[in-house]
Amino acid sequence: MRSYQTTLFYALYAAFAIILLGVTTIAHAIPKVDVDSGTLVAESANGDVIPMPLVSTDVGINVTGPIARTTVHQTFQNDSDQWVEALYLFPLPENAAVDRMQLIIGDRLIEGDIKEKEEAKKTYEKAKSEGYKAALVEQDRPNLFHTSVANIPPRGEISVRIEYQQSLLWRNKSFDLRFPLAITPRFTPATQQITEEADLSDGWQMLPGERPQMLDIKNVIQTKTTIAVNLAPGFEIGELVSSSHPINVTSRDSNHVMLTVGQDKSPLAPRDFVLRWAPTSLTMPKAAFFSEKHEKGNFGLVTLTPPETQAPQTFAREVIFVIDTSGSMNGYSMDAAKEALLAGINGLETGDSFNIIQFDSDASAMFSDAVEVDVKSRTQAYRYINSLTADGGTNMEAALDLALPGGASRSQRVRQVIFITDGSVGNEKALFDQIRSHLGNSRLFTVGIGSAPNSFFMKEAATAGRGTYTFVDRIDESKKAISELFKKISQPVLTNVQITGSGITDISPKFIPDLYLGEPLAFSVRMDKPVGEIQVTGRLGQVEWKKTVKVQVSDNEQGIAVDWAKRSIDEWQRSYLHGISRNVAKEKITELGLEYHLVTKYTSLVAVDKTPLRPVDVPVESNPIPNVVSEGRDLLLEVKYRGSAPATRFTFMKNLSGGQIALAQTADGYQQSLLAGVLILLVSAFLFVLVRRYEEVRV
């Protein structure tokens, strides 16, 4: 019979084992900072929590003709008693040509220089280590940039002014401009994740495998941002509207408008700022030419509008709807996507067939093959759409495998794929390559959903898929946007486009996709003489179309040379799709970046103050600035904690409208807890054997 002492020993040991297992799990699951509040802060190398520098942003946008010139002024405030380095990831338009940066210290302006990326990084790191104030601007993606600001003194501040330009298109009878005010966290499939560590300080990953970035999921809209727009498009302005934010028109005449956004004390809603304007006459211009005499040659921006002389064709279609149901779509984005999908089903006509593919971590189709449109299939589709929920990762590859089987379609119908997503992916290049190689005779059209969609993915995926793109900024715009898209894709307006010319040395882009209703043909040229002739040919339905345009450089605009360089860089960035080696593309992009003073994948802007302030023996702490997450989203973001403890992955779920935060340990944490549990069980078994042996001896 078991003794009282032995029974007590077992009970105490069991309690000890349970407590030890729980403590081990918690130790691996919760970092040293308080995560219950939902606020993520940085931890220094010695375990101290460092207050984050605050960020204020003032944006000035000047629109002249087809060119928008934007200045972004960011102030980094250090509220701590330590010297710090601010690290800030920020979005810009996907066609932003960043060509200027100034470091502002008191009354001093230090102009940034363009250098090859590695050289710029070494210059910055050397300045940081020697106590100089310095700033570095790098491109992570065509629409994501990174600013590093070194040696912000205790209780001090430094400002960085970044300038970029972008060209604007007359599209759907209006011009529009987007300025991103938030970032959608990106998902990268496990097979695509980058394994090496970035050379930054402790933090949480905003982009998987890339920049460790802070994301404050409690106070996501507290950053003060103001926007001022000076609009001079070169014609009499009629409609002027923003679907994203209230605007305050401070001055207006027929050809010139000045307006502001966010000038009161309340922060701007964390969504893309969208501004649209149109002339008093909605007649689309037939042709436009803007030019610049530059030290590197004569440059022009050409816009042509194909004639709309055809009656709409009627043909049977096979429409494959692909809807993103991943966790990043949770909330407003999912509601808008479902509304868009319902509108798409309602837009089908007798004789069409369709299927619906949903994807998150995996992909599945509603039907085994496309089915005819009738009352029964519509009813099934309505029920299926209403049952959709957002959860899991964003594995687009699986969805594209189902939507683009490759080769010629078995159906005699025109095959169109409508891809509805926020584009929150990190493996864009692999996806573009997949679209190109598996497109066959299909056409792919993207619908950007949400308050801050990945516009780079939307436009490039549509280019690779020989289709077009649209954005749904608000739920109440879903039906209208899909209706306009269906009208647009009822037939390509111009196909097989070719551009040649005399007196023209370079044309960008060289590969022109099909044009659809309401879309112009826009391209940049470099000319060896001020006068030239351009010929554009294509197929307008079943008819050959040809247009000859005589152009003369008159130097009426600035920025046309930079626009040509940016378009050329974009062309080289997608050159791998055309069989051009990465090394050749890298060489050309680097050459263009250095020659035209542009931030690219391989060139960066760096500015260094010449007066050292921080004593070299005083350490500097690196502090990622909290990024703003887009509005209307139930955030489901996997982030990686890196510090003195072993790396552990966490998932933070936050309803931005005021819900609770849940902390769930994922694979790495479970593996560590499981290991601890196994060790405890082994120790338990060993002690159990000893106790049994002891009792046998006593007996």
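Computed quantities for the displayed model
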| quantity | calculated |
| --- | --- |
| Residues of region 87-142 satisfying the condition of being surrounded by 19 or more Cβ atoms within 10 Å (Cβ to Cβ) and of a type in the set (Asp, Glu) | 94, 99, 138 |
| Residue within region 535-550 that is without any contact (Cβ under 8 Å) to a residue 40 or more places away in the chain and in a helix (DSSP H, G or I) present | no |
| Yes/no for residue 84 being part of a strand (DSSP E or B), of a type in the set (A, V, I, L, M), closer than 22 Å to residue 230 by Cβ and touching a strand residue (DSSP E or B) at 6+ places or on another chain (Cβ under 9 Å) | no |
| Scan of region 339-354 for residues that are surrounded by fewer than 23 Cβ atoms within 10 Å (Cβ to Cβ) and either farther than 20 Å from residue 413 by Cβ or among the acidic types (Asp, Glu) (or both), ordered by number | 339, 342, 343, 349, 352 |
| So residue 481, is it in a helix (DSSP H, G or I), among the small types (Gly, Ala, Ser), outside the structural domain of residue 321 (by TED's automatic domain parsing) and in contact with a strand residue (DSSP E or B) (Cβ under 8 Å, 6 or more places away or on another chain) | yes |
| Unique match (being in contact with a helix residue (DSSP H, G or I) (Cβ under 8 Å, 6 or more places away or on another chain), modelled with pLDDT under 95 and not basic (Lys, Arg)) among 125, 94, 116 | 94 |
| Residue match in region 169-184 (condition: assigned to a strand (DSSP E or B), modelled with pLDDT of 90 or more and small (Gly, Ala, Ser)) | no |
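The values are calculated or read from the model by the stated rules, or taken from the named source; none is laboratory data. Keep in mind that what you see is a predicted model, and the values were worked out from it rather than measured. So basically every Cβ, Gly included, is an ideal-geometry build from the backbone, and we count neighbours across all protein chains shown.
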